[in-house]
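Heads up: the structure comes next, in structure tokens.
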Amino acid sequence: MSMPRLLAEGLLKRALTEPAPPAASLEELGGAVEAAARRKLGRSLSIRHVDAGSCNACELEIHAMNNAVYNCERFGIHFTASPRFADMLLVTGPVSVNMEEALRRTYDATPDPKLVVAVGDCGACGGVFGESYACRGGVSRVIPVDVTVPGCPPEPVALLRGILQAAGRTSARRDR
């Protein structure tokens, strides 16, 4: 196929992406997340993402929360590299045997009141990986979980709803 023909087809075909969520509903949801974080913490929400052994599909959706459409920074949601500065852990994947201790240490290093959101079906129950010689299963089998966001992978709006649900909770910590 010639280059001009490829270019013409690319310009004339419809985009293969999903439509963006309605701006008004996204603004409402994001504003609610920001308000809940300010009520609970008195400031913006800092999140530490932990990949406990995922296939990276959930990570792609978490990254999408930072794209130009969702832009979670405008709602006061910031990702941090250190659990010592985090208010919330966003944990993806089933917990692999090799990540179990790292997840516990990350949880222990997060200051109170810490919130934990298990992302995706794997984070909830182990997903297709379940429990095996290499996998402990869902996040709640290793650390306490406040909110689970189902989906394989969950969309950015579902992630924002889960973050809102966790940020709106009062901390009745059930440490192990």
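Points worth noting:
- For the chain, accessible area per residue (1.4 Å probe, heavy atoms of protein chains only), Å²: 55
- Amide hydrogen proximity for HIS49: with H placed 1.01 Å from N in the peptide plane, the residues at 5 or more positions away or on another chain lying under 5 Å are THR80, LEU90.
- Selected from VAL149, VAL128, VAL157 as most flexible by GNM, with the chain as the system and alpha-carbon contacts under 10 Å: VAL128
- Residues with amide H under 5 Å from that of CYS135, placed H, sequence gap 5 or more: VAL97
- Its DSSP H runs of at least 4 residues, each contributing -39,500 (n - 2.57), put the calculated 222 nm mean residue ellipticity of the chain at -11000 deg cm²/dmol, to the nearest 500.
- Taking N as its residue count, the alpha carbon Rg of segment 73-119 over 2.2 N^0.38 Å: 1.19
- Segment 28-68: projected area of the alpha-carbon convex hull, averaged over directions, in nm²: 3.8
- Start at zero, step by 10 Å, and the Cα-Cα distances of segment 13-116 spread as 14, 39, 32, 13, 2, 0 percent across the bins.
- Amide H to amide H, with H built 1.01 Å from N, LEU115 comes under 5 Å of MET88, LEU89, counting only residues 5 or more places away or on other chains.
- Three principal axis extents of segment 116-155 based on alpha-carbon atoms, in descending order, are 29, 21, 9 Å.
- When all alpha carbon pairs of the chain are counted in 10 Å bins from zero, the resulting P(r) reads 10, 36, 31, 13, 7, 3, 0 %.
- Taken along its three principal axes, the alpha carbon spread of segment 1-46 comes to 59, 21, 10 Å, from the longest extent down to the shortest.
- Taking 0.36 nm per residue of sequence separation and removing the Cα-Cα distance, the LEU12/CYS152 pair yields an extension gain of 47.2 nm.
- For segment 89-176, GluC sites (Glu not before Pro) meeting the loop criterion (DSSP other than H, G, I, E, B) and having at most 14 other Cβ atoms within 10 Å: GLU131.
The values are calculated or read from the model by the stated rules, or taken from the named source; none is laboratory data. Please read all numbers here as calculations on a predicted model, not as lab measurements. Don't worry about glycine lacking a Cβ; one is built from the backbone with ideal geometry, like all the others, and counts go over all protein chains shown. Accessible surface areas use protein heavy atoms only, side chains included; no ligands, DNA or RNA. Shrake-Rupley method; radii C 1.70, N 1.55, O 1.52, S 1.80 Å.
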